[in-house]
Ligand code: PHE
């Protein structure tokens, strides 16, 4: 009787085990059957209740069932582990045929790259870099540059003012008198690179911010011919060894005489095209001999010293060099544009 019940239990236990297919239910089955408090062990405690002459056979039968369940359990455990491994292999599969994901490194802004190239060119000519503030006083940006209050030339530059009465520098010329006061009274040969700001309508040709590189030489023997030679060397370094420079009479309050600096059109080579408006020349900046009033503000005696200065637009230069038709690209931070300059 008991033996039959035991056999029925073996059948139930094995059936339950064959339905097990994952680690959690395998664990539950083990606790229900083979663990010390499991059903297979409770049978052992019932041996004493059997008739004396059946105890031996019953005990053997219990041990047999226990061993059979343990074997079946071990086999099931191996199968579940194998299935589990298979599942993970499928789930965590790596498709080695997928293209690699490129790591995108950051890069320098095209204007910064150009500023560094330009600094290299001028440093080879013996210039050093002088930095001056972006937030500038009215004095250095205008007055020291020979534009006293109400000077009509102030209208040439629409200015951003800070709430405490300073200005965002409208040109790097704002650093000229700072450089003279800082480096004087000896000769000076510096460039002043950096951002400038103007309160302008943003169009394809003008932005609210742009980079300039100012150049300043001061000394007893400095002449306009030095200016032309320096600008020629710059143009040839940036636009190729055959470049030509033309100085065209102009007006700036802080230079006298003043010139506009032109290079031969990079697109048509001087024959005349739409980009150079059929003149064969492109403007790259302004320049001139430093006005005596500016030298005076810088602490130099204009009777004994002369200066030459130039201001070059960086984005404008890059637009000419790369055929870029819209200055707004430079400050849009569109990677499709910026990545071209790595
Ligand atoms: N500051 C002038 C400008 O922004 C350029 C310039 C610099 C002209 C130095 C003459 C000398 O247009």
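Note on the stretch 58-81: residues that are surrounded by fewer than 12 Cβ atoms within 10 Å (Cβ to Cβ) and either under 60 Å from the mean Cα position of the chain (by Cα) or touching a residue at least 12 places away in the same chain (Cβ under 8 Å) (or both) total 3. Residues that are within 16 Å of the ligand (Cβ to nearest atom) and part of a helix (DSSP H, G or I) were ranked within the stretch 302-318; the one that is farthest from residue 258 (Cα to Cα) is 315.
Criterion first (at pLDDT 95 or above and either assigned to a helix (DSSP H, G or I) or outside the structural domain of residue 189 (by TED's automatic domain parsing) (or both)) does residue 261 satisfy it? When the stated conditions are applied, residue 261 does not pass them. Residues that are within 14 Å of the ligand (Cβ to nearest atom), buried (at least 16 other Cβ atoms within 10 Å of the Cβ) and outside any helix (DSSP H, G or I) within the stretch 223-257 comprise 247, 252, 253, 254, 255, listed in sequence order. Inspect the stretch 320-331 for any residue being under 24 Å from residue 196 (Cα atoms), buried (at least 20 other Cβ atoms within 10 Å of the Cβ), touching a strand residue (DSSP E or B) at 6+ places or on another chain (Cβ under 7 Å) and at pLDDT 95 or above and give the result as yes or no. No, the stretch 320-331 contains no residue that is under 24 Å from residue 196 (Cα atoms), buried (at least 20 other Cβ atoms within 10 Å of the Cβ), touching a strand residue (DSSP E or B) at 6+ places or on another chain (Cβ under 7 Å) and at pLDDT 95 or above.
The values are calculated or read from the model by the stated rules, or taken from the named source; none is laboratory data. Note that the structure is a prediction, hence the values are computed from the model and not measured. Virtual Cβ from ideal backbone geometry, glycine too; neighbours counted across all protein chains shown.
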